């Protein structure tokens, strides 16, 4: 089964809204221009107490809650030989959101690149079929156990979301 790019994008936007709502208590949050998005940056966070600015990339991973693995994308589009976000992300921090568990992991992008990328070969690699505008391609990444992210994790939190009544 191929993933539909637009459906995945919608899930990502939903995660972005959740994360913006959660982090706005500490940060002034601004979406960034398309050029910065292409560099792997989704938001500019300005700390309300200190004025310190962080460039942030968001990743929403529904599957990680079930599998216990983060999908670290190494190839974004195989047919275009386009590198994945693990190599191209220019943000300071990566906020990895796992909606089924309401868990957020704030990761250092620099440490991800210097400490994790070199060891991705020891993890299971998955090729994920995708379709965008009728064009088929694959995304490739390593399935990294969430526990293996601990050394590059700045903090872990739970979002306290309002659940819909049953």
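The values are calculated or read from the model by the stated rules, or taken from the named source; none is laboratory data. Source: prediction; values computed, not measured. Every residue, glycine among them, receives a Cβ derived from its backbone with ideal geometry; neighbour counts consider all protein chains shown.
For this structure, a couple of remarks:
- Those residues of the stretch 152-166 which are in contact (Cβ under 8 Å) with a residue 24 or more places away in the chain and surrounded by fewer than 12 Cβ atoms within 10 Å (Cβ to Cβ), in sequence order: 155, 158, 160, 161
- Residues of the stretch 97-139 satisfying the condition of being over 26 Å from residue 43 (Cβ atoms), at pLDDT 95 or above and part of a strand (DSSP E or B): 124, 125, 126, 127
- Which listed residue is surrounded by 17 or more Cβ atoms within 10 Å (Cβ to Cβ) and within 18 Å of residue 62 (Cα to Cα), from 123, 96, 137: 96
- Residue in the stretch 52-62 that is assigned to a strand (DSSP E or B), touching a helix residue (DSSP H, G or I) at 6+ places or on another chain (Cβ under 6 Å), in contact (Cβ under 8 Å) with a residue 12 or more places away in the chain and closer than 19 Å to residue 13 by Cβ present: yes
- Applying the criterion of being out of contact with any helix residue (DSSP H, G or I) (no Cβ under 6 Å at 6 or more places or on another chain) and part of a loop (DSSP other than H, G, I, E, B) to the residues of the stretch 63-91, the residue that is surrounded by the most Cβ atoms within 10 Å (Cβ to Cβ) is 84.
- For the stretch 109-120, the set of residues classified as exposed (fewer than 12 other Cβ atoms within 10 Å of the Cβ) and under 18 Å from residue 69 (Cα atoms) consists of 118, 119, listed by residue number.
- Filtered by the rule that a residue be modelled with pLDDT of 95 or more and over 20 Å from residue 102 (Cα atoms), the stretch 1-28 gives a lone residue, 28.
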